[in-house]
Amino acid sequence: MPLQPNEINQLNVVSFETNFTRLPIANFFCQRINIPSMSLGLATQATPFSDTPLIGDKITFEQLTLSFIVNEDLSNYLELYNWLISLGFSDDHDQFNLSNSVNPDENLRSDMNIIINTNKSNPNYSITFRDAFPVSLGSIELDVATASLEPIILDVSFAYSGSFSIDKIT
C-alpha cells in the first residue's frame, strides 16, 4: 500500500505577505515574488570511457525578484531608485547619504521576509533573506498607443548574503 502524504492541500500562489524594512511602500504594492532557485555545483571525474559526475561542494542561489505596481507619485519607485543610486556611483554627496531613505541611519543592506500562508490565510512559513540589497530595477514604459490602462508593474532584483532560511511558524 503506498504511503499517503500528511498534507494534501496545494500551495496557494496568492496567499503570501511580504515584510521589507527598507521598502514599506513597494512592500504594500507587491504583486509577485519568487523563492529563488538553487543549484549544486557539479564536479566531473574523467575516466577513459565516460566522465563520472561527482557531488559538488558549492550551492548557487538565484537572486530574489520582486514585482510591484508603480504608484502615481512614484514613491515606491523612488525608494528603490534612491537605494540603488546610493549603492552605486552617486553624482553627489546628497545621493550617497540616503537622506530620502526610510531611515538614513540604516545600513545599506536590509533583511527581507516572505510569509507563506495556508489556504485559510494563517501564517505557515517564514522565508528570510539576510543582508539584501537591490542590484537591478526595471524600466518604466510609457506608451500613448496602448489599448488598455493596465497598471505598470516593475521587477526589482536583490542579492543577499549566503542562503535563505525557511522556518515553520508555530
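The values are calculated or read from the model by the stated rules, or taken from the named source; none is laboratory data. Because the structure is predicted, anything quoted here is derived from the model rather than measured. All Cβ positions, glycine included, derive from the backbone under ideal geometry; neighbour counts span all protein chains shown. Just so you know, the surface numbers come from the protein's heavy atoms only, side chains and all, with ligands and any DNA or RNA stripped out. Shrake-Rupley method; radii C 1.70, N 1.55, O 1.52, S 1.80 Å.
Points to keep in mind about this one:
- Share of carbon and sulfur in the accessible area of the chain stands at 54%, probe radius 1.4 Å.
- Contour minus Cα-Cα distance for S126 and K168 (0.36 nm per residue): 14.5 nm
- Each other residue within a Cβ distance under 13 Å of S165 adds +1 if Lys or Arg and -1 if Asp or Glu, for a net charge of -1.
- Check: the chain dipole with +1 on Lys, Arg Cβ and -1 on Asp, Glu Cβ, in debye: 740 debye
- From the alpha carbon centroid of the stretch 116-134 to that of the stretch 152-170 is 8 Å.
- Over the stretch 28-85, the alpha carbon radius of gyration divided by the compact-protein estimate 2.2 N^0.38 Å works out to 2.00.
- Solvent exposure of the chain as accessible area per residue, Å², 1.4 Å probe: 69 Å²
- D51/E72 FRET efficiency (R0 41 Å; Cβ-Cβ; nearest 0.05): 0.10
- Modelled label positions at K58 and T118, each set 7 Å beyond Cα in the direction of Cβ, lie 4.2 nm from each other.
- Pairs of alpha carbons in the stretch 119-170 whose separation is greater than 16 Å (percent): 65 percent
- Whole-Hz Karplus values for the stretch 60-73 come out as 10, 10, 5, 6, 7, 10, 10, 10, 9, 7, 7, 7, 4, 8 Hz, taken residue by residue from phi with 6.51 cos²θ - 1.76 cosθ + 1.60 and θ = phi - 60°; glycine and proline positions read x.
- Placing Y160, Y81 in order of accessible area, with the largest value first and a 1.4 Å probe, yields Y81, Y160.
- I152 long-range amide H proximity, modeled H, under 5 Å: V70
- When the alpha carbon gyration tensor of the chain is reduced to an equivalent ellipsoid, the three semi-axes, largest first, read 34, 25, 18 Å.
- Relative to the longest principal axis of the Cα atoms of the chain, the long axis of helix 75-87 lies at roughly 70 degrees.
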